[in-house]
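Inspection log for the structure reproduced underneath, given as structure tokens.
The values are calculated or read from the model by the stated rules, or taken from the named source; none is laboratory data. The structure displayed is predicted, hence computed values, not measured ones. Methodologically, a virtual Cβ is constructed for each residue, glycine included, from the backbone with ideal geometry; neighbour enumeration extends over all protein chains shown.
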Amino acid sequence: MKKKLLSAVVLGALGFAGCGGDDVAPPAPVVPKFDTESNIRTHLEGKKLLMEGANIPSHPNGYDEDVNYGPGSQCYQKVEMNIANNNFQVISTLGTIRNAPNVGNTGECDHATANGNPLNFTSTVSLIENVKADASCFDISITFPGGLKQVGRGNLSADGKTLALELFFEGQAVGATCAAGAVGSGNITLKGAAFTGNAKQVYVVQQ
């Protein structure tokens with residue numbers, strides 16, 4: 001009889017604990033800090049980043065997506081980046097520029113319709129510098145085979161789920177650094193003229 005009573009007491013106590021009672025709350029999840037280059041790279045390493053839809057800017061790399069620049073056109077359907085060994089594998093799927101049959105014509109970038117096969121480039125060197133304590137801005141440069149280099153500034157959201165990059169081709173833009181302002185803040189001169197477009201690429205960081 002005593003054993004049965006004891007069992008009932010134990011079960012009652014367990015049931016009470018399971019319903020809440022004076023349970024100690026679980027510890028809050030640790031939010032990583034992206035205050036250094038190393039922390040940013042560690043977070044991005046091995047992940048896929050995707051830019052598509054409204055996250056594609058009107059002027060990728062500073063060039064109007066609606067203009068037919070021939071092989072250098074900047075109309076995209078989507079851009080995927082895979083980060084490995086501190087380098088960026090960039091897979092770009094071009095969109096289709098409508099009503100601009102000749103180089104130099106201005107039409108409309110159709111993001112929904114892919115144009116040709118995806119373009120695949122992997123960087124040889126990437127640098128992240130001048131990181132602000134909250135990763136609200138850092139300077140970045142990405143070099144690809146053949147000497148192509150993109151330079152500019154970026155930021156990583158506090159939860160690490162969104163990476164924004166405001167990039168231009170090397171030697172073409174002045175003022176695209178964190179010292180000159182935050183990502184998307186303007187005050188950029190492109191090829192000697194005030195840049196008024198939007199070059200802010202936004203990537204969703206996927207696990």
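Inside segment 192-204, residues that are without any contact (Cβ under 8 Å) to a residue 24 or more places away in the chain and either on the phi > 0 side of the Ramachandran plot or among the charged types (D, E, K, R) (or both) make up a count of 1. Residue 152 meets each of the listed conditions (1) outside any strand (DSSP E or B); (2) touching a residue at least 12 places away in the same chain (Cβ under 8 Å); (3) of a type outside the set (Phe, Trp, Tyr); (4) within 22 Å of residue 86 (Cβ to Cβ) apart from (1). Every condition in (1) assigned to a strand (DSSP E or B); (2) buried (at least 16 other Cβ atoms within 10 Å of the Cβ); (3) hydrophobic (A, V, I, L, M, F, W, C) is met by residue 127 except one, and the failing one is (2). The single residue among 93, 113, 106 that is within 18 Å of residue 66 (Cβ to Cβ), touching a Phe, Trp or Tyr at 6+ places or on another chain (Cβ under 9 Å) and of a type outside the set (Phe, Trp, Tyr) turns out to be 93. On the stretch given as segment 122-162, residues that are over 14 Å from residue 34 (Cβ atoms), in contact with a Lys or Arg (Cβ under 8 Å, 6 or more places away or on another chain) and among the aliphatic types (A, V, I, L, M) total 1.
Taking every residue in segment 156-172 that is at positive phi and pairing it with any residue that is in a strand (DSSP E or B) and surrounded by 14 or more Cβ atoms within 10 Å (Cβ to Cβ), at least 6 positions away or on another chain, the pairs with Cβ-Cβ distances below 7 Å are 160/205. Evaluated against (1) part of a strand (DSSP E or B); (2) farther than 27 Å from residue 94 by Cβ; (3) small (Gly, Ala, Ser), residue 141 falls short on exactly one condition, (2).
For residue 146, the test of being among the small types (Gly, Ala, Ser) and part of a strand (DSSP E or B) is failed.
Here's the yes/no breakdown for (1) more than 24 Å from residue 73 (Cβ to Cβ); (2) surrounded by fewer than 17 Cβ atoms within 10 Å (Cβ to Cβ):
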residue: 156; (1), (2): yes, no
residue: 167; (1), (2): no, no
residue: 182; (1), (2): yes, yes
residue: 188; (1), (2): no, no
residue: 197; (1), (2): no, yes
residue: 200; (1), (2): no, no
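Does any residue of segment 88-95 turn out to be modelled with pLDDT under 95, assigned to a loop (DSSP other than H, G, I, E, B), closer than 20 Å to residue 50 by Cβ and not hydroxyl-bearing (Ser, Thr, Tyr)? Looking through segment 88-95, none of the residues is modelled with pLDDT under 95, assigned to a loop (DSSP other than H, G, I, E, B), closer than 20 Å to residue 50 by Cβ and not hydroxyl-bearing (Ser, Thr, Tyr). Taking segment 118-151 as the range and being on the phi > 0 side of the Ramachandran plot and either small (Gly, Ala, Ser) or under 14 Å from the mean Cα position of the chain (by Cα) (or both) as the test, the residues that pass are 135, 146, 147.
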